[in-house]
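The values are calculated or read from the model by the stated rules, or taken from the named source; none is laboratory data. Just so you know, these numbers come straight off a predicted model, no measurement behind them. Cβ placement follows ideal geometry from the backbone for every residue including glycine, while neighbour counts extend to all protein chains displayed.
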Amino acid sequence: MNRFLPFSALAVVVSMASPAAAESTVVAVAANFTEPAREIAAAFSEKTGDTAELSFGSTGSLYAQIGQGAPYEVLLAADDERPARAVAEGLAVEGSQFTYAIGTLVLYSADAGRVTGPETLRDAAIGRIAIANPKTAPYGAAAVETMRKLGVYDALKGKIVEGSSIAQTFQFVSTGNAELGFVALSQITGREAGSRWVVPAEDHAPIRQDAVLLEAGSDNETASAFLDFLKGPEAAAIIERYGYGAAG
């Protein structure tokens with residue numbers, strides 16, 4: 001699989017420890033879902049003895065890798081459009097797509113008190129504001145939609161810096177390379193430092209995060225078992241703890 005990793009500099013493969021006889025599946029995971037995916041994979045391994053090898057990146061870059069033959073067996077996207085396209089293009093199994101989480105967008109700053117609400121975006125003194133690439137990352141598209149709805153996009157577009165994924169976007173903000181940034185709530189769950197404004201769901205289209213069984217995993221029982229586990233109560237509890245809305 002290593003020959004596919006250069007497609008995304010942010011892609012990281014995590015293999016959960018498992019017995020030698022265990023089966024495995026290879027899962028492409030949207031960057032915003034990194035931490036919950038790690039916990040879910042660990043819980044899956046503990047319950048079944050099988051492993052989920054996780055590769056992280058922006059949904060757009062992961063989808064491009066899949067189209068070029070990367071051997072992923074499951075896709076956990078940050079949108080519902082790419083899984084649907086995978087089915088339509090014969091890259092995924094028809095009828096296997098489902099929503100596993102609803103993402104929450106947050107305006108965040110590493111500085112305490114810097115973000116007070118939507119009015120923060122109207123401050124002419126704003127330096128750089130980070131968002132994920134809106135062409136490949138659904139959270140970036142939601143950020144642009146939010147700024148347009150608030151009527152501040154034209155004033156801010158010259159100050160926007162784009163991360164290749166939501167993970168890089170968060171890195172920009174957490175290191176102070178950007179004063180503000182639109183990130184996923186899951187990335188700052190449990191983090192007391194900084195300041196934030198949780199963007200109301202009505203300010204952008206729902207960030208429906210869908211999973212799908214890819215054709216490469218159609219004959220792998222472990223791939224199907226992992227998706228079944230993702231639908232179950234143990235995974236749901238982890239997903240909720242990281243600030244995602246329930247799929248319903």
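Is it true that some residue in the stretch 80-98 is among the hydroxyl-bearing types (Ser, Thr, Tyr) and closer than 26 Å to residue 170 by Cβ? Within the stretch 80-98 (the criterion being among the hydroxyl-bearing types (Ser, Thr, Tyr) and closer than 26 Å to residue 170 by Cβ), the answer is no, since none of the residues qualifies.
Of all residues in the stretch 126-145, those that are assigned by TED's automatic domain parsing to the domain that holds residue 172 have Cβ atoms under 9 Å from Cβ atoms of residues that are part of a helix (DSSP H, G or I) and basic (Lys, Arg), 6 or more apart or on another chain, in 126/159; 127/159; 128/159; 129/159; 138/82; 144/157. Taken together, the criteria exclude residue 229 from residues that are part of a helix (DSSP H, G or I) and under 18 Å from the mean Cα position of the chain (by Cα). Selection within the stretch 144-167: residues that are at pLDDT below 95 and polar (S, T, N, Q). The member of this set that is surrounded by the most Cβ atoms within 10 Å (Cβ to Cβ) is 165.
Does residue 82 fit the bill of being outside any strand (DSSP E or B), basic (Lys, Arg) and assigned by TED's automatic domain parsing to the domain that holds residue 161? Step through it out loud before you land on a result.
Numbers: outside any strand (DSSP E or B): yes; basic (Lys, Arg): yes; assigned by TED's automatic domain parsing to the domain that holds residue 161: no.
Against the criterion (outside any strand (DSSP E or B), basic (Lys, Arg) and assigned by TED's automatic domain parsing to the domain that holds residue 161), residue 82 does not qualify.
Scanning the stretch 201-218 turns up no residue that is out of contact with any Ser or Thr (no Cβ under 7 Å at 6 or more places or on another chain) and among the basic types (Lys, Arg).
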